[in-house]
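Novice: A single structure is presented below for examination.
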Amino acid sequence: MIRMLPRLIPRGLSAAVLCGALLAVSLPAAAQEAFKIGLILPLTGPSQSTGKQINAAVKLFMSVNGDMVAGRKVEVILRDDAGVADTTRRVAQELVVKDHVAVLAGFGLTPLALSVAPIATQAKVPMVVMAAATSVITEKSPFIVRTSQTLPQVSSTMGTWAAGQNIRKVVTLVADYGPGLDAEAWFNKAFKAAGGEVLDSLRVPLANPDFAPFLQRVVDTRPDAVFVFTPSGFGAVFIKQFIERGLDKTGIKLIGTGDVTDDDQLNDMGDVTLGVVTAGPYSASHASPENKAFVSAFKAANAGMRPNFMAVFGYDGMQVIYDAIKKTGGKGDGAALVAVMQGAAWESPRGPVAIDPATRDIVQDVYIRKVARVGGELFNEEFATMKQVRDPAHGATP
Ligand code: PHB
């Protein structure tokens, strides 16, 4: 081959020009390399339902939309972080350095997302947050785009609604970490601004939560309602202890964010949840053609499992990534990908959504929902809508 090379070079063509030509010939081959997405999820541990739901949704998205985008084959590299932030950081580092992923995605809990933000910034790799929901996350790196929700977004909606319902006195009860503190602060702010009174604000440790002593304090304080935030996957434990403490017999109303009456666990929580009102961006019973198609395809692909909000957040995360690959012609440059993700807008199974170009955070309808039995199953039935809610916390204090 080397011996033949001189004969292949036309007279007058320098070696430098030839090198350039050879490079140009090899470029399409490089462009055929897979566009890799590093998907980090808690597939084990207490938040495994989040991992299971998002993973199933990512698979569904790819089976519906194919794995070729702008001439690139899309490959998802799935890793389990078990919900441990040190693991998330180590795995993200490996995915960037060894696997050369073009995008990092997933992030089931706030501490996990926060641990990776510096890596996204340093490596200039977009980080699509599909679950974690503390407001501040998107401010931790210009490479973060969020497709989930923020706790201020849903909690302030709930605070305003509750104050208009003859609910005058509330005790708040939240998981004691980022999203819980956001939920408490922004519920309280909205509820008080609309004339309500917060009698007490209780915070329950996240690890192995024992709600019993806190629920007893709620009973003793006798509010009209208790406002609750627990992360997805913890709702069933909360409801069990709610019943054990007899709160369902006290007349104290249960209100909260949609994370408590999570569609993944709601059916198992039982009739005690009937009438519970929550604010959230997604219900499996959302009445739109997009959602009907999504729910039936999701169930068909997952042995009848019902999608919850995490599944939709993951599905939409893939929508944002695919759209960005298309708009950037499959080149995979991190800054270019983030630039086109900003301002993206589409019809999600949850309703119309957009990425705020200024904050890189999700803008979405927030629904007020009441648990009801429909066709033998428990659902969060939407009955009021706050249109296109932005995260109120960016650039503001509660
Ligand atoms: C979070 O850790 O940010 C988080 C996790 C699950 C939720 C909401 C927030 O349902």
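Novice: Which order do the peptides 279-287, 243-251 take when ranked by the mean count of other beta-carbon atoms within 10 Å per residue, highest first?
Specialist: Ranking the peptides 279-287, 243-251 by packing returns 279-287, 243-251.
Novice: Looking at the chain from every direction and averaging, what is the projected area of its Cα convex hull in nm²? Before the final figure, lay out each step's value.
Specialist: On the way: hull surface 88.0 nm².
If you wrap the Cα atoms of the chain in a convex hull and average its projections, you get 22.0 nm².
Novice: Follow-up question, since we're still on this one. Sort 227, 309, 234 so that the residue with the fewest other Cβ atoms within 10 Å of its own Cβ comes first and the one with the most comes last.
Specialist: 234, 309, 227
Novice: Same structure, new question: Which whole-number percentage describes the relative contact order of segment 299-398, with Cα contacts under 8 Å and a sequence gap of 6 or more?
Specialist: In percent, rounded to a whole number, it is 16.
Novice: Here's another thing I want to ask about it. Using a ≥ b ≥ c from the Cα gyration tensor of segment 37-132 (square roots of the eigenvalues), is it rounded, prolate or oblate, where a/c under 1.5 gives rounded and otherwise the larger of a/b and b/c decides, a/b for prolate?
Specialist: Oblate, since a/c reaches 1.5 and b/c is not below a/b.
Novice: Hey, another quick one. Can you tell me, using C-alpha contacts under 8 Å and at least 6 residues apart, the relative contact order of the chain as a whole percent?
Specialist: The value is 17 percent.
Novice: Going by how many other beta carbons lie within 10 Å of each one, how would you line up 346, 161, 186, fewest first?
Specialist: Final ranking by Cβ density, sparse to dense: 346, 161, 186.
Novice: What does the C-alpha gyration tensor say about the overall shape of segment 176-276? Classify as rounded when a/c is under 1.5, otherwise prolate if a/b is larger than b/c, or oblate.
Specialist: rounded
Novice: Oh, and also: Distance between the C-alpha centers of segment 45-97 and segment 213-254? Whole Å please.
Specialist: 34 Å
Novice: State which entries of 59/249; 73/124; 52/292; 36/299 exceed 32 angstrom in Cα-Cα distance in the structure shown.
Specialist: Listed pairs above 32 Å: 59/249.
Novice: Put +1 on the Cβ of every Lys and Arg and -1 on every Asp and Glu Cβ in the chain; which of 314, 375, 324 then has its Cα farthest towards the positive end of the dipole?
Specialist: The listed residue farthest towards the positive side: 324.
Novice: List the residues, sorted by chain then number, that are 5 or more residues from residue 35 or on another chain and whose placed amide H is less than 5 Å from its amide H.
Specialist: 73, 74, 75
Novice: Moving on. Per DSSP helix of 4 or more residues, -39500 (n - 2.57); summed, then divided by the residues of the chain. What does that give at 222 nm, rounded to the nearest 500?
Specialist: Calculated from helices alone, the mean residue ellipticity at 222 nm is -12500 deg cm²/dmol.
Novice: May I ask what percent, to the nearest 5, of DSSP beta bridges between residues of the chain are antiparallel?
Specialist: Roughly 40 percent of the DSSP beta bridges within the chain come out antiparallel.
Novice: Taking only Cα atoms and a 10 Å spring cutoff, compute GNM fluctuations for the chain and point out the largest among 355, 321, 77.
Specialist: 77
Novice: Under the 0.36 nm per residue contour assumption, what length would be gained going from the current alpha-carbon distance of residue 345 and residue 192 to full extension?
Specialist: 51.8 nm
Novice: Under a GNM of the chain (C-alpha, springs under 10 Å), which listed residue has the highest mean-square fluctuation: 94, 382, 184?
Specialist: In this elastic network of the chain, the residue with the biggest mean-square fluctuation among 94, 382, 184 is 94.
Novice: So, one more: Please work out the FRET efficiency for the pair residue 249 and residue 336, using the Cβ-Cβ distance as r and a Förster radius of 51 Å; give the result to the nearest 0.05.
Specialist: Efficiency at R0 = 51 Å is approximately 0.30.
Novice: Which of the three applies to segment 58-108, rounded, prolate or oblate, going by the alpha-carbon gyration tensor with a ≥ b ≥ c and a/c under 1.5 meaning rounded?
Specialist: Cα axes put segment 58-108 in the oblate bin.
Novice: What residue among 149, 319, 216 has the largest mean-square fluctuation in a Gaussian network model of the chain, using Cα springs under 10 Å?
Specialist: Highest fluctuation among the options: 216.
Read-outs throughout are calculated quantities, based only on the coordinates presented, and are distinct from any laboratory measurement. Source: prediction; values computed, not measured. Positions of Cβ are generated from backbone atoms using ideal geometry, with glycine treated the same way; all protein chains shown enter the neighbour counts.
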